[in-house]
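Reading through the structure tokens given below for one structure.
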Amino acid sequence: MEADRITEIVCQWGRERPDLDPTPLLIIGRIQQLAAVLDVALRPPFAAADLGNGDFDVLAALRREGKPYTLTAGQLSHRMLVTTGAVTKRVDRLIARGLVSRSVSAADARGRVVGLTPAGVALTDRLIEEHLANEAAILRDLTDNDRKTLERLLAAMNQTLNSGDFGPGDGGPAG
């Protein structure tokens, strides 16, 4: 099998700096490479629906909430791991498309809630089917055991990164 670009980079660093262990790049570099490729592979159904980056995240967060499909901007921000400013921009775009609405909260007249419109529910239900089928196709060559192992390993990495306890030189995975 021909060496991939990440392996080449590791070999180059091994040659130029034999005092360092460049092997973490074999994992981190591939994760970064996969993230970029996945973004391209997963984007077409959302682009075809004329949704900007992150717009489907709003729709999906609301749809997962169950009826009446409403959340505050703060709740959306928490569920989507973005700032409330990013949520506001996305919500404004989706309001203009008639996919969500913004209204006064029944629980607090000072607050606002964002909710899916019937058109938003229909679009989200259609897109999640396409999205999950697309993801399944991407994973089709992995066995069930491979998938479970990868899920476990990625969850462990995620936990380490979210704990903030990953040591010196943790600024970024440049190679």
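The values are calculated or read from the model by the stated rules, or taken from the named source; none is laboratory data. Remember, it's a predicted structure, so these values are computed and weren't measured experimentally. Ideal geometry is used to build each Cβ from the backbone, glycine not excepted, and the neighbour counts take in all protein chains shown. These area figures cover heavy atoms from the full protein model, side chains too; ligands, DNA and RNA do not enter into them. Shrake-Rupley method; radii C 1.70, N 1.55, O 1.52, S 1.80 Å.
Remarks
- Among (1) buried (at least 17 other Cβ atoms within 10 Å of the Cβ); (2) outside any loop (DSSP other than H, G, I, E, B); (3) within 16 Å of the chain's Cα centre (by Cα), the one test that A47 misses: (1)
- Hits in segment 136-175 (condition: modelled with pLDDT under 95, surrounded by 10 or more Cβ atoms within 10 Å (Cβ to Cβ) and assigned to a loop (DSSP other than H, G, I, E, B)): F166, D170, P173, G175
- A single member of G85, G66, G98 is in a loop (DSSP other than H, G, I, E, B), among the small types (G, A, S) and under 22 Å from the mean Cα position of the chain (by Cα), and it is G66.
- Residue check, L123 in contact with a Gly (Cβ under 8 Å, 6 or more places away or on another chain) and within 19 Å of A61 (Cα to Cα): no
- Considering (1) free of Cβ contacts under 8 Å to residues at least 40 places away in the same chain; (2) open to solvent by less than 60 Å² (accessible area, probe 1.4 Å); (3) of a type outside the set (V, I, T), the lone condition that L116 does not fulfil carries the number (1).
- Candidate set from segment 94-113 (those that are at pLDDT 95 or above and under 10 Å from T70 (Cα atoms)); member that is least open to solvent (accessible area, probe 1.4 Å): V100
- Checking each residue in segment 9-44 for being part of a helix (DSSP H, G or I), exposed (fewer than 11 other Cβ atoms within 10 Å of the Cβ) and not aliphatic (A, V, I, L, M) picks out R15, E16, D39.
- Between L123, L142, L59, the distinction of being in contact (Cβ under 8 Å) with a residue 60 or more places away in the chain and closer than 29 Å to N162 by Cβ belongs to L59 only.
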